[in-house]
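Worksheet: the structure to be examined is printed underneath.
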């Protein structure tokens, strides 16, 4: 695995990127809020990535960005979420297609397995072999092809190799938010205990695996509005089934809290009632800053192990494939489930760029088939 210098996702994507709100960074493309009727959706609510409505919206955007598309190639990192999104987009677009799903595992020999339209790999470098196989099946890169790239733990922070840096940035954002709001009362040890306990699959029915919810729960624990042990018992007994239950349970204590926390509880409850999946805006702002702090911050001479652990890196294999696709006239488009508030610079942070335009190092292997950069 080699270092390939500093670059940005925009090198191969430009502004052909959508984050969670489905508002393209490219101003020439309308977003969900303006075009949901044309997309054939029931309303302007933002669908989640696994929803059929998400597939409809993305297929519409791809057609708008490149009329006359004939085929779709997708690159992601999770069989369930990315595989479902890919199939929904494929169905909505009516195209033939293939998806490459990878997670690096160097403890076993390189392996590329096909399951219908999905190709599952344990090396990111096998993306070249995937493109070769797709071409043999009549799905070559060209002007009629869309190459759709998942950004989260695919084009950035490759799963199995560099995804820990992405998770650490998010944890940094939660910690920084709770510390800023609690001030001298912040207890790092207590925070680590609460976050470590609740950020686990057994609690996903309660937290919905939503980091906004988890951040606010950790804040409430740190502020003394609820005790961790009592909360865990209530969840295990089924008394608190979800975050809505938690907000209702916390309301009497929040009403007696200091003005800043009282106002925050009202604000979050309002966003949740409106169906906003990212109700803790201050957390997402700090997550953006924590993420940017891990972009390209190490020198070129830093040890590989440190770089993979601490820096969020562009996946070189994905970069090579995207550059090859651009050279062959394909449409290269990026998808991210990261909230817009965690991907775009806040108004009070001048000089910072959107995530896809922020430089960092590219790191990885050369593709195992001769695709290169075209």
Study note, to complete from the structure: Residue hits (the stretch 49-71; over 17 Å from residue 26 (Cβ atoms), part of a loop (DSSP other than H, G, I, E, B) and touching a helix residue (DSSP H, G or I) at 6+ places or on another chain (Cβ under 8 Å)) are 49, 50, 51
Exercise for review: Find the residue count for the stretch 242-260, including only residues that are over 26 Å from residue 204 (Cβ atoms) and either surrounded by 14 or more Cβ atoms within 10 Å (Cβ to Cβ) or within 27 Å of the chain's Cα centre (by Cα) (or both).
Suggested key: 1
Check your understanding: Counting only residues that are at pLDDT 95 or above and under 19 Å from the mean Cα position of the chain (by Cα), which one in the stretch 31-46 is surrounded by the fewest Cβ atoms within 10 Å (Cβ to Cβ)?
Key -> 31
Review point. Looking at the stretch 60-74, which of its residues are within 23 Å of the chain's Cα centre (by Cα) and in contact (Cβ under 8 Å) with a residue 40 or more places away in the chain?
Key: 61, 62, 65, 72, 73, 74
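Taking residue 276, is it without any contact (Cβ under 8 Å) to a residue 40 or more places away in the chain and under 21 Å from the mean Cα position of the chain (by Cα)? If you could, list the steps in order and put the result at the bottom.
Working: without any contact (Cβ under 8 Å) to a residue 40 or more places away in the chain: yes; under 21 Å from the mean Cα position of the chain (by Cα): yes.
It is true that residue 276 is without any contact (Cβ under 8 Å) to a residue 40 or more places away in the chain and under 21 Å from the mean Cα position of the chain (by Cα).
Right, residue 183: at positive phi, surrounded by fewer than 19 Cβ atoms within 10 Å (Cβ to Cβ) and not assigned by TED's automatic domain parsing to the domain that holds residue 72 or not?
So residue 183 passes the test.
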Review point. Which of the residues that make up the stretch 214-224 are under 22 Å from the mean Cα position of the chain (by Cα) and either in a loop (DSSP other than H, G, I, E, B) or without any contact (Cβ under 8 Å) to a residue 60 or more places away in the chain (or both)?
Key: 214, 217, 218
Practice item. Tell me, yes or no, whether the stretch 147-165 has at least one residue that is in contact with a helix residue (DSSP H, G or I) (Cβ under 9 Å, 6 or more places away or on another chain) and part of a helix (DSSP H, G or I). Key: yes
Exercise for review: Among the numbered conditions (1) at pLDDT 95 or above; (2) buried (at least 20 other Cβ atoms within 10 Å of the Cβ), tell me where residue 306 comes up short.
Suggested key: (2)
Exercise for review: Only one of these is closer than 27 Å to residue 145 by Cα and in a loop (DSSP other than H, G, I, E, B): 348, 300, 276, 337. Name it.
Suggested key: 337
Exercise for review: Show the residue pairs that are 6+ apart or on different chains and have beta-carbon atoms under 7 Å apart, the first residue being within the stretch 75-99 and in the same structural domain as residue 131 (by TED's automatic domain parsing), the second being surrounded by fewer than 17 Cβ atoms within 10 Å (Cβ to Cβ) and in a helix (DSSP H, G or I).
Suggested key: 88/52
Revision key, fill the gap. Here the residues within the stretch 324-345 that are more than 18 Å from the chain's Cα centre (by Cα) and farther than 15 Å from residue 24 by Cβ are 324, 325, 326, 327, 328, 329, 330
Check your understanding: Within the group 340, 365, 348, which residue is without any contact (Cβ under 8 Å) to a residue 40 or more places away in the chain and in contact with a helix residue (DSSP H, G or I) (Cβ under 9 Å, 6 or more places away or on another chain)?
Key -> 348
Point to revise | Test set (1) in contact with a helix residue (DSSP H, G or I) (Cβ under 8 Å, 6 or more places away or on another chain); (2) in a loop (DSSP other than H, G, I, E, B); (3) touching a residue at least 60 places away in the same chain (Cβ under 8 Å) - residue 40 fails condition number | key: (3)
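The values are calculated or read from the model by the stated rules, or taken from the named source; none is laboratory data. Note that the structure is a prediction, hence the values are computed from the model and not measured. Don't worry about glycine lacking a Cβ; one is built from the backbone with ideal geometry, like all the others, and counts go over all protein chains shown.
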